[in-house]
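Student: Got a structure for you, questions after.
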Amino acid sequence: MLKSLYRLFSSVKVAIIILLSLAVTSIIGTIVEQQQNPDKYLREYGEVTYKIFKFLGFTDVYHSWWYILLLVLLAINLTVCSIERLPKIWKIAKNPKKKLREGAENAYRLVHKLTLSASNPDEVAEKLVSILKQMGYKPEKVPSDEENTKYVFADKHVFARFGVYIVHAGILIVLVGGLLTAIFGYRGYMNLAEGSKSNLVTLFGNGKIIELPFEVQCDKFTIDFYPSGMPKAYISDLEVIENGKTVKKQRIVVNTPLSYRGIYFYQANYGKGRVYFFKKVNQKAKEQPIIDALGQPFYVGKGKDGIKYYLSPVAMDGQFIFVDLITQNGETLAQAKMTSGQWYRIPQTGQFVAIGGADNAFYTGLQVSYDPGTWVVWAGSTIMVIGLFVAFFIPHKRILARIRQVKEDKVNIVIAGRTNKGFESLEKDMEKILGVLKSSYCNILAPKEENHD
């Protein structure tokens, strides 16, 4: 069973199928707007289509279980493919045959043979090692049990053989970043009127409520209009409060977000409607004033069922304020019409809420984004680019030589070279080596050169 799975995930065909599936997923995520209000989907697609989209996860593709599964499968496939092919590359790179035995040069594309006027093959080997070092190679004299024969082996950029694995590592890191975002990341909104503060973010699409470990307060909101009535600029002066202390202040405008703890607050929109609430945990408790904006929930306690409940003002009509009672999962349990000066008991939690007043002051609409995989994706992308550069532009060159004394003052040398890319570059290196050897041992006897194309 395990062997069958291993063979399955080591298949390139499986990788292609997964990549095509991810491509189709991206197309769906582009065509169908993501994380929108259910009302918008109902208007555009109808109830039946919306239910199908929601069941299939098309309204939030990048957080759906099957998208996360595709990323995991791609990571497994990439890992297994790398493990399957690594031993062969490792053997080529790290355990090569370092002696150019008699006749072994026939397997090489580039071979040169010449006879030099020299009395000592070891001297020629030392000279060749020196030349190769100057050219950036890592040469070595290979021990030989043959009295009159010396061997030289040299590598250059052996790491280039692993360029594709650097790419694979980069892709895996990118996938990890994608998984972090898909599992732990979110996008939502927060509406803040001047003087109000909150730590609650309502997620786009499903309406779930996330509690931040700090509060954001709007000290001032300014909006400018063109003469036509179109908004010109929104400006929010925000304050981050943690453990009762102000830890950051920043003025934000469109495309200049506030960032804290990896969470970004973007100036997104605006609206009208500010409500002054009072809350107390029981009838005898002290009143707690709350300033709230339309569409922004506030916490009204935990029920006996362990569920957290929130109240959100959704509309104003004269003296009436319409509110929704919602759970942390975004489910609306009840809707009510409230008036000023009356206390209302929340049956699920036993707490009391009253309205002290309301006005049509502007509120700032903030888009809240948390993407924990961003820097992981950037790191993976950088590694992937480096790997691509290594894989496509840096060749692994290997040169072997057999140096044999044929007469008292004559040495025959056979030099063979191999590269995984950039053959012309290796040819130039070989020509330079031959040129230095010829100039060093100018009394060349019966030169013989061959180039096996």
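Student: Report yes if some residue within the range 268-283 is in a loop (DSSP other than H, G, I, E, B), more than 22 Å from F214 (Cα to Cα), without any contact (Cβ under 8 Å) to a residue 40 or more places away in the chain and assigned by TED's automatic domain parsing to the domain that holds G195; otherwise report no.
Tutor: No, the range 268-283 contains no residue that is in a loop (DSSP other than H, G, I, E, B), more than 22 Å from F214 (Cα to Cα), without any contact (Cβ under 8 Å) to a residue 40 or more places away in the chain and assigned by TED's automatic domain parsing to the domain that holds G195.
Student: Additional query: For the range 356-365, state whether one or more residues are β-branched (V, I, T) and out of contact with any Leu (no Cβ under 6 Å at 6 or more places or on another chain).
Tutor: Checking the range 356-365: not a single residue is β-branched (V, I, T) and out of contact with any Leu (no Cβ under 6 Å at 6 or more places or on another chain).
Student: Would you point out which residue out of V167, V201, V174 is assigned to a strand (DSSP E or B), β-branched (V, I, T) and buried (at least 20 other Cβ atoms within 10 Å of the Cβ)?
Tutor: V201
Student: For the range 137-185, which residues satisfy the criterion of being under 12 Å from S381 (Cα atoms) and among the β-branched types (V, I, T)?
Tutor: Listed by number, the residues that qualify are I166, V167, I171, I173, V174, V176.
Student: Test G188 against the criterion of being surrounded by fewer than 20 Cβ atoms within 10 Å (Cβ to Cβ) and either modelled with pLDDT of 90 or more or assigned to a loop (DSSP other than H, G, I, E, B) (or both), and give yes or no.
Tutor: Criteria not met by G188.
Student: Let me ask something else. Can you pull out every residue in the range 210-239 that is in contact (Cβ under 8 Å) with a residue 40 or more places away in the chain, exposed (fewer than 15 other Cβ atoms within 10 Å of the Cβ) and farther than 21 Å from Q328 by Cα?
Tutor: Selection gives I223 alone.
Student: Also: Out of the range 205-239, which residues are in a strand (DSSP E or B) and of a type in the set (A, V, I, L, M, F, W, C)?
Tutor: Correct list: I209, I210, L212, F214, V216, C218, F221, I223, F225, A233, I235, L238.
Student: Let me ask something else about it. Considering each residue of the range 77-130, count those that are buried (at least 18 other Cβ atoms within 10 Å of the Cβ), farther than 25 Å from I403 by Cβ and among the β-branched types (V, I, T), and give that number.
Tutor: 1
Student: Moving to a separate point now. Could you figure out which of (1) modelled with pLDDT of 90 or more; (2) touching a strand residue (DSSP E or B) at 6+ places or on another chain (Cβ under 7 Å) isn't true of Q319?
Tutor: Every listed condition holds for Q319 apart from (1).
Student: Okay, moving on. Kindly indicate which of V368, V390 is part of a strand (DSSP E or B) and in contact with a Gly (Cβ under 9 Å, 6 or more places away or on another chain). Before the answer, list the steps.
Tutor: Working: V390 fails: part of a strand (DSSP E or B).
None of the others qualify; the one that does is V368.
Student: For the range 149-160: of the residues being part of a helix (DSSP H, G or I) and surrounded by fewer than 21 Cβ atoms within 10 Å (Cβ to Cβ), which is nearest to the chain's Cα centre (by Cα)?
Tutor: The qualifying residue nearest to the chain's Cα centre (by Cα) is F159.
Student: Output yes when any residue across the range 359-376 is touching a residue at least 40 places away in the same chain (Cβ under 8 Å), surrounded by 15 or more Cβ atoms within 10 Å (Cβ to Cβ), touching a Ser or Thr at 6+ places or on another chain (Cβ under 6 Å) and of a type in the set (D, E, K, R), and no when none is.
Tutor: Within the range 359-376, one or more residues are touching a residue at least 40 places away in the same chain (Cβ under 8 Å), surrounded by 15 or more Cβ atoms within 10 Å (Cβ to Cβ), touching a Ser or Thr at 6+ places or on another chain (Cβ under 6 Å) and of a type in the set (D, E, K, R).
Student: Any residue that is surrounded by fewer than 15 Cβ atoms within 10 Å (Cβ to Cβ), among the β-branched types (V, I, T) and either outside the structural domain of V436 (by TED's automatic domain parsing) or touching a residue at least 40 places away in the same chain (Cβ under 8 Å) (or both) - is there at least one of those in the range 58-72?
Tutor: yes
Student: Which ones in the range 1-25 are assigned to a helix (DSSP H, G or I) and in contact (Cβ under 8 Å) with a residue 24 or more places away in the chain?
Tutor: If we filter the range 1-25 for residues that are assigned to a helix (DSSP H, G or I), which is where we start, we get 2-9, 12-25.
Result: Y6, F9, V12, V14, A15, I18, L19, S21, L22, T25.
The values are calculated or read from the model by the stated rules, or taken from the named source; none is laboratory data. Bear in mind the structure is a predicted one, so any value in this text is a computation, not a measurement. Positions of Cβ are backbone-derived with ideal geometry, glycine not excepted, and every protein chain shown enters the neighbour counts.
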